[in-house]
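Read the structure below first, then the notes.
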Amino acid sequence: MEWKKISEGIKIIPDGAFDLKNTFDCGQCFRWNEREDGSYEGIVRGRYARLYCERDGIIIENCTEEDLEMIWTDYFDLGNDYDSIRREISSGCPELSCAVDSIDGIRILSQDPWEALCSFIISQNNNIPRIKGIIERLCDTFGDDTEGGKSFPGAEKLASVGTEELAPLRAGFRARYITDAARKVSDGRVCLEKMYSAPIDDCRRELMTITGVGQKVAECTLLYGLHRLEAFPVDVWMKKALATHFSGVSAESIGRYAGVAQQYIFHYSRLLEGAVPGRKKDQ
């Protein structure tokens, strides 16, 4: 990756394509919002940011070299060349070539694992606008003040909150799942930090000890919160897509970048079904 300091902040020139819209609107995150001018604003690790594309790079406004090193290089997975990843997925699984070619610039974000876990608990049987609304109310009610809004509340903060106090979020049955997850993470019964490197099957089992966390939420937490790129979230829609368009394709057949490939499978299948690209439900 190349980068340079400019008056607005820092301009990054990643190895491999990086499209903000395709990355932020693919269903892996819920706190980035597109503005009328095409830029995106959001809060990451308690830090507000505004980003926009400019010719061959992406501008991160008011970003310092320290911010780039401590937050954005990791968050945007800038150490990985996604063009090389796309080639490896296609060569290792020829059935995926068309899917990989159907969209460009998706990168798997390295989000805070607790935020990812909580967000995908909220995402169950839900749609994107409502997910974002619940998360916004959660942050407004329990998050700390930061430039541009509120931070995502930590597990320790939510562990002391009863389900009745979560009622204004309008999260429904998910409120007790949030409470159980917060308590198990905060007291160490579920240790997210060790899941960066622990055997992935062990991580799945531990995550699924949380009330309301099934295989789909566990996989999403591993992929989007712990950057386990071999994780492969599958819901009813994905099962149909695999059976209809990718017979014989599985996480095992794809390999170490199965989670990246999943994004292409989903998008390409939506194209084939005539759905609107980039509009995912419960994904």
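Read the figures in this text as sums done on the coordinates, not as results from a lab. All of these numbers come straight from a predicted model, not from anything done at the bench. For neighbour counting, all protein chains shown are included, and Cβ atoms are generated from backbone atoms with ideal geometry for every residue, glycine included.
Quick notes on this structure:
- Part-to-part distance (alpha-carbon centres) for segment 200-229 and segment 55-117, which is given in Å: 21
- Residues T23, T64, arranged from fewest to most other Cβ atoms within 10 angstrom of their Cβ, appear as T64, T23.
- Model label sites at E147 and K21, defined 7 Å from Cα along the beta-carbon direction, differ in position by 2.8 nm.
- Comparing mean-square fluctuations of D77, D56, D37 from a GNM of the chain with C-alpha springs under 10 Å, the top value falls on D37.
- Entry note, the chain: the mean residue ellipticity at 222 nm calculated from DSSP H runs of n ≥ 4, each adding -39500 (n - 2.57), is -11000 deg cm²/dmol after division by the residues and rounding to the nearest 500.
- For S110, the residues 5 or more places off, or on other chains, whose built amide H falls under 5 Å of its own are F76, D77.
- Comparing G214, S102, Y268 along the charge dipole axis of the chain, the residue lying farthest to the positive side is G214, per the Cβ-charge model.
- Residue order, fewest to most beta carbons within 10 Å, for L229, L242: L242, L229
- Scalar couplings 3J(HN,Hα) for segment 78-94, obtained by applying the Karplus form with A = 6.51, B = -1.76, C = 1.60 to θ = phi - 60°, are 6, x, 9, 8, 6, 5, 5, 4, 4, 5, 5, 4, 5, 6, x, 8, x Hz; x denotes Gly and Pro.
- Long pairs among K4/K194; K21/K132; K132/K157; K11/K216; K157/K194, criterion Cα-Cα beyond 25 Å: K4/K194; K11/K216
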